[in-house]
1. Let me spell out the model: positive unit charges on the Cβ of Lys and Arg, negative unit charges on the Cβ of Asp and Glu, origin at the Cα centre of the chain. What dipole size does that give, in debye rounded to 20?
2. Based on the alpha-carbon gyration tensor of the range 142-210 and its eigenvalue square roots a ≥ b ≥ c, which shape applies: rounded if a/c is under 1.5, prolate if not and a/b is larger than b/c, or oblate?
3. With a ≥ b ≥ c taken as the square roots of the eigenvalues of the C-alpha gyration tensor of the range 230-327, please select rounded if a/c is under 1.5 and otherwise prolate if a/b is larger than b/c or oblate if it is not?
4. Quick check: the distance between the Cα centres of the range 181-201 and the range 135-158, to the nearest angstrom?
5. For Gln332, enumerate residues with amide H under 5 Å from its amide H, sequence gap 5+ or separate chain, H modeled in the peptide plane.
6. Could you tell me the distance between the Cα centroids of the range 270-299 and the range 211-254, to the nearest Å?
7. I'd like the distance between the alpha-carbon centres of the range 53-97 and the range 109-133, rounded to an integer number of Å.
8. With a cut-off of 8 Å between alpha carbons and a minimum separation of six or more residues, what is the relative contact order of the chain in percent?
Amino acid sequence: MDRITLRRPDDWHLHLRDGEMLKAVLPETARHFARAIIMPNLVPPVVTGAQAASYRDRILAALPEGMSFEPLMTLYLTEDTDPADVAAAHASGLVKAVKLYPAGATTNSHSGVRDFDKVRPVFETMAEIGLPLCTHGEVTAHEVDIFDREAVFIETVLDPIRRATPGLKVVMEHITTSDAVDYVAANETNLGATITTHHLMINRNHILVGGIKPHYYCLPVAKRASHQLALRKAATSGDARYFLGTDSAPHTDPNKEQACGCAGCFTATNTMALLAHVFEEENALDRLEGFTSLHGPAFYGLPVNEGTLTLAKGAARSLAGKLATGEGPVTQFDPGHPIEWDVVG
Ligand code: NCD
Ligand code: ZN
C-alpha cells in the first residue's frame, strides 16, 4: 500500500497555549485535524466554564481564514472546582472533559489536586452526566522514581477513584507503560487511553544515549523499549479503547535547551506522517483510521468527521524543522531518521 485515505482525524490531547504561540501552532493542527481536546494548563489555568468559553473564543479568533477547526474544551480540576459549574459548562455543549493534574506533576500543574477526596463530589456529578475525566497519570511523591510514577498512579490513585465512582468515564492520557496497557486490558468499561506519536517512536535511550536530547523530553517521560513495544502493539491492535492524543506541547527552543529544560514535544506538524510510518512498520496501516479518526469520537459520543485526509508514500525525507512563532522558534518533533510518508490531501 502506498496511499491511504482516512476519515479526517482528531487529536484527543493537545496544548495550544495562548497569544502569539497559539497563533503560530493552531494552523499546524488545523491543517490535518478537524477537532482536538484542548488542554487547560494555561497560566492561570482554565478552571471555570466562563474561562473555557473565553479561551474557546480566543482559539477561534486565532484560526486563519479558510481553515476549519473545532476546539473541544476542558476544565482544569482544582480542589475548589464547583460541580454545578462543571455541569452547566457540559450542558451548554462547551466542555467535553475535565482534566485531572496531580499537583506538581507537569508543566503548569501547581493548581492541580493534592487531596483526591476533596474532588469526589465533582467526580460524582461527572459520572451522573457522562462527562469524561482525562488524567495525567503520574504521582508526584519525591520518593517515587520518575520511571515508576505512572504505574504507582494507576495503583494508588486511578484504580481507587474508579472503584469509588463506578460510572465515571476515564481517559488515561498519554500512556507510557505496559502497566497502563495491562490496566486497560483488565478493565472493560468506561475506560479509554490515549497514546502520543512520540511515545510510539522513542524510548528512553533516544533521550539519553550519545548526549541528552532536550527535544525528546516530555512528561510522562519515555520509558524503556519494552514499554514502547507494548504501546505500539496497543495502538495498532484495533482495540477501540486506544486513540490518538498527540500531547503536542510547544515550548520555545531557549526554554527547552537549557540547564532546566521544559517538558513537552511539539508533534502537531509531523504526527500524521509519523503515524503512517509506525503503522506500516507494524503491518497495521488498515488500523490507522480507527486510532486517529474513529475510536476517539466513539468514546466521547461524538460523530466521526465528514472530511478525509490522504497520505502517500514518496521519497524519504527528514522531518527536522522549526516553527517560527512570535515567542521564538519551536523545534518540530522528528524521530532522527527519514520518513517516506506525507500528507498529500
Ligand atoms: C505538557 C506541557 O508542556 O504543557 N508537557 C508535556 O511534557 N507533556 C504538559 C503535560 O501534558 O504533561
Ligand atoms: Zn499534555
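Each value in this text was obtained by applying a stated rule to the coordinates, not by laboratory testing. Here the structure is a predicted model, which means the values were calculated and not measured. Positions of Cβ are generated from backbone atoms using ideal geometry, with glycine treated the same way; all protein chains shown enter the neighbour counts.
1. For the chain, the charge dipole is close to 420 debye.
2. In terms of gyration-tensor shape, oblate.
3. prolate
4. 16
5. Gly321, Lys322, Leu323
6. Spelled out, the Cα-based centre of one part sits 14 Å from the other.
7. 17
8. 19
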